[in-house]
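Everything on this sheet refers to the single structure shown next.
The values are calculated or read from the model by the stated rules, or taken from the named source; none is laboratory data. The model shown is predicted, which means the values in this text are computed figures rather than measured ones. Heads up, the Cβs are rebuilt from the backbone with ideal geometry, glycines too, and the neighbour counts pull from every protein chain shown. Remember, those area values only see protein heavy atoms, side chains included, never the ligands or the DNA or RNA. Shrake-Rupley method; radii C 1.70, N 1.55, O 1.52, S 1.80 Å.
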Amino acid sequence: MNPFMACIGGTAAYDLLREGAFVAQRLGPQRTPFGLSAPIYLCESRLGEFYFLSRHGESGYELVPSFVNYRANIYALKDRGVRAIVSWSETRALCHNYTIGHYVVASDVIDETHSRTHTFFENRGLGVVRQWPVFCPSLREALATTLTAENCQYKDHGVYVCIEGPRRETPAEAAKYASFGGQLLGMSLAPEVFLAKELQMCYASICYVASYAETGSEFRPFEQGRILDVAGQAARARAAVERLPRILERLCDVLRRTRGVCHCESSMQHHIASGQIGWDWRTWFELPAAPPQASPGPTSSGRAADVNSGFKPAVGRGAEVSADRSEIVPAAGSVRRFLSPRS
Ligand SMILES: [Zn+2]
């Protein structure tokens with residue numbers, strides 16, 4: 001059975017993977033109707049498997065947040081059968097209630113981005129989706145349980161302000177975001193969380209506090225009688241990142257035992273009920289025409305074969321689709337086991 005959980009991480013997390021902190025097999029980028037996704041890895045741990053997607057590519061910060069193909073990334077994970085996405089995100093705190101090196105399970109988002117595509121349904125009148133709860137409550141609870149089990153210092157709430165970047169905020173902007181009710185600053189969660197909702201997936205985020213937002217002063221954190229200098233802040237952030245493999249491993253175990261109460265899998269139900277879209281999510285999108293030379297043609301089952309490692313033009317693993325794409329029959333032995341109201 002394929003993993004049902006995926007982690008989307010940035011460059012610090014990918015560096016860990018590159019250094020061998022994960023047992024991982026590179027699956028590579030995946031072709032989707034929205035272009036190529038970022039590279040995907042299949043990771044193994046003692047307590048379960050999961051996918052890892054490197055948000056910014058494999059060569060440092062080669063893709064700044066404005067140019068990440070968020071739609072392809074979310075689509076590719078959905079295509080692989082992922083139902084729960086955990087975003088691993090660096091953040092800067094807008095107030096001193098958050099400690100550098102500690103974790104935060106984000107509870108809400110203020111979207112201050114302006115150059116990203118925020119929906120799968122451009123010019124289609126779809127994507128009118130309620131944004132409360134913004135993050136999956138069951139997955140957030142599982143993250144909190146995991147961090148507690150790992151003796152991590154964390155807060156179970158925090159309002160994340162997603163800015164466009166790549167430049168950092170000005171002091172006046174930081175003051176504005178704080179006045180909005182923002183508590184953490186980052187560049188990653190929007191539109192990921194909104195796109196995951198459009199594909200009826202559970203999504204939640206673990207943030208780690210790497211520094212404080214720009215204040216326009218030379219203030220340095222003062223803890224336990226000592227000033228925490230820039231090097232001290234970086235060491236704290238690095239220590240937080242290095243616990244990622246252990247946290248994800250533990251999360252695999254926690255999720256197996258989690259009985260979900262969320263409704264993420266029905267977030268598009270109102271559009272389905274009105275007849276605007278069908279209940280098979282794959283029929284919501286136009287598929288790109290494959291080049292004639294590269295097309296392997298239909299298989300004996302009537303389903304077009306893969307065009308690369310993983311992209312399934314029809315219904316994916318664990319199910320078969322009828323020739324007219326109107327009916328999906330669960331494969332023998334497939335069960336719903338995580339974060340479903342029906343589980
Ligand atoms: Zn959920």
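Tell me whether the range 104-113 contains one or more residues that are within 16 Å of the ligand (Cβ to nearest atom), acidic (Asp, Glu) and either modelled with pLDDT of 90 or more or out of contact with any Gly (no Cβ under 8 Å at 6 or more places or on another chain) (or both).
Initial filter on the range 104-113 (within 16 Å of the ligand (Cβ to nearest atom)): 105-109.
With the extra rule that they be acidic (Asp, Glu), the set shrinks to 108.
Retained after the next criterion (residues that are either modelled with pLDDT of 90 or more or out of contact with any Gly (no Cβ under 8 Å at 6 or more places or on another chain) (or both)): 108.
Within the range 104-113 (the criterion being within 16 Å of the ligand (Cβ to nearest atom), acidic (Asp, Glu) and either modelled with pLDDT of 90 or more or out of contact with any Gly (no Cβ under 8 Å at 6 or more places or on another chain) (or both)), the answer is yes, since at least one residue qualifies.
Being part of a loop (DSSP other than H, G, I, E, B) and either modelled with pLDDT under 95 or open to solvent by less than 10 Å² (accessible area, probe 1.4 Å) (or both) is the filter here, so list the residues in the range 156-169 that pass it. Can you show your working first?
Taking the range 156-169 first, the residues part of a loop (DSSP other than H, G, I, E, B) are 156-158, 164-169.
Passing the criteria: 158, 165, 166, 167, 168, 169.
Name every residue in the range 121-146 that is surrounded by fewer than 24 Cβ atoms within 10 Å (Cβ to Cβ) and more than 14 Å from the ligand (Cβ to nearest atom), in order of residue number.
Matches in the range 121-146: 121, 122, 123, 124, 125, 126, 127, 128, 144, 145.
Which numbered condition trips up residue 153, out of (1) more than 16 Å from the ligand (Cβ to nearest atom); (2) open to solvent by less than 60 Å² (accessible area, probe 1.4 Å)?
Against the list (1) more than 16 Å from the ligand (Cβ to nearest atom); (2) open to solvent by less than 60 Å² (accessible area, probe 1.4 Å), residue 153 comes up short only on (2).
Please find, within the range 267-312, the residue that is nearest to the ligand (Cβ to nearest atom) out of those that are in a loop (DSSP other than H, G, I, E, B), modelled with pLDDT of 50 or more and open to solvent by less than 30 Å² (accessible area, probe 1.4 Å).
267
In the range 187-217, what residues are open to solvent by 10 Å² or more (accessible area, probe 1.4 Å), within 16 Å of the ligand (Cβ to nearest atom) and outside any helix (DSSP H, G or I)?
Correct list: 200 only.
Can you list residue pairs whose Cβ atoms sit under 6 Å apart, with the first residue in the range 1-23 being at pLDDT 90 or above and of a type in the set (Gly, Ala, Ser) and the second being open to solvent by less than 10 Å² (accessible area, probe 1.4 Å) and in a helix (DSSP H, G or I)? Count only pairs 6 or more apart in sequence or on different chains.
If the second residue must be open to solvent by less than 10 Å² (accessible area, probe 1.4 Å) and in a helix (DSSP H, G or I), the pairs left are 6/77.
Out of curiosity, is residue 234 touching a helix residue (DSSP H, G or I) at 6+ places or on another chain (Cβ under 7 Å) and either within 16 Å of the ligand (Cβ to nearest atom) or open to solvent by 40 Å² or more (accessible area, probe 1.4 Å) (or both)?
Working: touching a helix residue (DSSP H, G or I) at 6+ places or on another chain (Cβ under 7 Å): no; either within 16 Å of the ligand (Cβ to nearest atom) or open to solvent by 40 Å² or more (accessible area, probe 1.4 Å) (or both): yes.
Judged against the criteria, residue 234 is not a match.
Kindly check whether there is at least one residue in the range 258-266 that is open to solvent by 20 Å² or more (accessible area, probe 1.4 Å), of a type in the set (Val, Ile, Thr) and within 16 Å of the ligand (Cβ to nearest atom).
yes
In the range 170-180, which residue that is open to solvent by less than 50 Å² (accessible area, probe 1.4 Å) and within 24 Å of residue 70 (Cβ to Cβ) is nearest to the ligand (Cβ to nearest atom)? Spell out the reasoning first.
Step one: of the range 170-180, the residues open to solvent by less than 50 Å² (accessible area, probe 1.4 Å) are 173-174, 177-178.
If we keep only those that are within 24 Å of residue 70 (Cβ to Cβ) too, we end up with 173, 177.
On the way: 173: 32, 177: 27 Å.
This residue is 177.
Give the residue, chosen from 246, 259, 250, that is basic (Lys, Arg), under 30 Å from residue 46 (Cβ atoms), in contact (Cβ under 8 Å) with a residue 24 or more places away in the chain and not in a helix (DSSP H, G or I). Walk me through how you get there before you give the answer.
Numbers: 246 fails: not in a helix (DSSP H, G or I); 250 fails: not in a helix (DSSP H, G or I).
Of 246, 259, 250, the one residue that is basic (Lys, Arg), under 30 Å from residue 46 (Cβ atoms), in contact (Cβ under 8 Å) with a residue 24 or more places away in the chain and not in a helix (DSSP H, G or I) is 259.
What residue, among those in the range 62-103 that are among the basic types (Lys, Arg) and open to solvent by 30 Å² or more (accessible area, probe 1.4 Å), is farthest from the ligand (Cβ to nearest atom)? Give the steps one after another, and end with the answer.
Taking the range 62-103 as the starting set, the residues that turn out to be among the basic types (Lys, Arg) are 71, 78, 80, 83, 92.
Applying the additional criterion that residues be open to solvent by 30 Å² or more (accessible area, probe 1.4 Å) yields 71, 78, 83.
Details: 71: 20, 78: 14, 83: 8 Å.
Only one residue tops the list, namely 71.
In the range 131-151, what residues are among the β-branched types (Val, Ile, Thr) and closer than 17 Å to residue 208 by Cβ? Let's see the steps before the verdict.
Initial filter on the range 131-151 (among the β-branched types (Val, Ile, Thr)): 134, 145-146, 148.
Listed by number, the residues that qualify are 146, 148.
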